[in-house]
Amino acid sequence: MSLPAPASRDFEFNDRDFRRVCELIHQRAGIALAPAKRDMVYGRLSRRLRALGLHSFQDYLDQLERDGGDEWQAFTNALTTNLTSFFREPHHFEKLREELLARAHRAPLQIWSCAASTGEEPYSLAITACEAFGSLTPPVHILATDVDTQVLATGAQGMYPLERIAGLDPALKRRYFQRGTGPNEGKCRVVPALRKLIEFRQLNLLAPRYDVGGPYDALFCRNVMIYFDKPTQRAILSRLVQHMGDDGLLYTGHSENYLHAADLIQPCGRTLYRRVRGAGA
């Protein structure tokens, strides 16, 4: 029995092209692309070729390396995976509420969402703080960073399709979201008070240093390290711990493991870590 022919493509995309993409995105953003991501790479970058009127991946990558400029950000944005939702991994927000109340005497408190994507995580942090303190002006400041400027713009706007909040408690929806009408029918927007709690800023975790201040009481770095190899993870962690307080907590993704960085962070709960005293000094 003969196999079906592969779907025709507008652009040639050979092994050398894929290797170049892998090398460039690793250098630029630390992302380690598996061979299984080849079709994803073609689909996302072919849009850039069409937008620029180019005829081959070789031409695109040559131009990218030669001229760079704003296209580097477009290249990075295209290859960044942004999967997120409100109150993803709910136990983290329950723990954060406890910690905020326990530290209330030290207010203002600082929280950093360092892979903020389209904003669902930092807004979940803001709602948690509002609920903990019973106020729309809790004593917290939330920094939300990401390498992808497009998703940060979405987060700063704070507007989402209604289905994104369908699973939230009705009381939370009433307190923290405004339902769109007219041209915004089918959408919702976070209330202005939430947006005032959050500072959205572009940051590449591969940068040699992070100009983010601190120390942070809570640092959320969830479901992003899985895209980096172990040496890159360790390098990032060595910079993150410099911005954690002695009792600051690092909240991580459920599939992330840091046994190779036991001299930097130590587990203290479910997907929860503390800085090893003296690490990052």
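The values are calculated or read from the model by the stated rules, or taken from the named source; none is laboratory data. All figures in this text were calculated on a predicted structure; none of them were measured in a lab. Neighbour counts are summed over all protein chains in view; Cβ atoms, including those assigned to glycine, are modelled from backbone coordinates with ideal geometry. Accessible surface areas use protein heavy atoms only, side chains included; no ligands, DNA or RNA. Shrake-Rupley method; radii C 1.70, N 1.55, O 1.52, S 1.80 Å.
Listing for the model above:
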{"quantity": "Close Lys-Lys pairs in region 90-275, where close means Cα under 25 Å and separation is 8 or more or interchain", "calculated": "5"}
{"quantity": "Sites Gln58 and Gln27 - FRET efficiency at Förster radius 25 Å, r taken between beta-carbons, to 0.05", "calculated": "0.85"}
{"quantity": "Relative packing of peptides 266-272, 148-154 - highest average C-beta neighbours within 10 Å first", "calculated": "148-154, 266-272"}
{"quantity": "Sequence-distant residues sharing a close amide H with Ile265 (under 5 Å, placed H)", "calculated": "Val276"}
{"quantity": "Gain upon complete extension [His254, Met40; 0.36 nm per residue less C-alpha separation]", "calculated": "74.6 nm"}
{"quantity": "Relative contact order of region 110-175, pairs being alpha-carbon contacts under 8 Å that are 6 or more residues apart, as %", "calculated": "41"}
{"quantity": "Mean Cβ count within 10 Å, highest first, over the residues of peptides 121-129, 229-237, 68-76", "calculated": "121-129, 229-237, 68-76"}
{"quantity": "In degrees, nearest ten, helix 120-133 long axis to first principal axis of the chain (Cα)", "calculated": "0"}
{"quantity": "Extended-chain gain in nm, criterion 0.36 nm per residue less alpha-carbon gap, Arg277 and Asn14", "calculated": "89.8 nm"}
{"quantity": "In Hz, Karplus ³J(HN,Hα) per residue of region 65-78 (6.51, -1.76, 1.60; θ = phi - 60°; x = Gly, Pro)", "calculated": "6, 7, 9, x, x, 5, 5, 4, 5, 5, 4, 5, 4, 5"}
{"quantity": "³J(HN,Hα) computed for each position of region 194-199 - Karplus, 6.51 cos²θ - 1.76 cosθ + 1.60, integer Hz, glycine/proline x", "calculated": "5, 5, 5, 7, 10, 10"}
{"quantity": "Separation in nanometres of the label points that stand 7 Å from Cα toward Cβ, at Asp211 and Arg66", "calculated": "3.2"}
{"quantity": "Principal axes of the chain: Cα extent on each, largest first, Å", "calculated": "65, 54, 45"}
{"quantity": "Portion, in percent, of the accessible area of region 180-281 that falls on carbon or sulfur, probe 1.4 Å", "calculated": "51"}
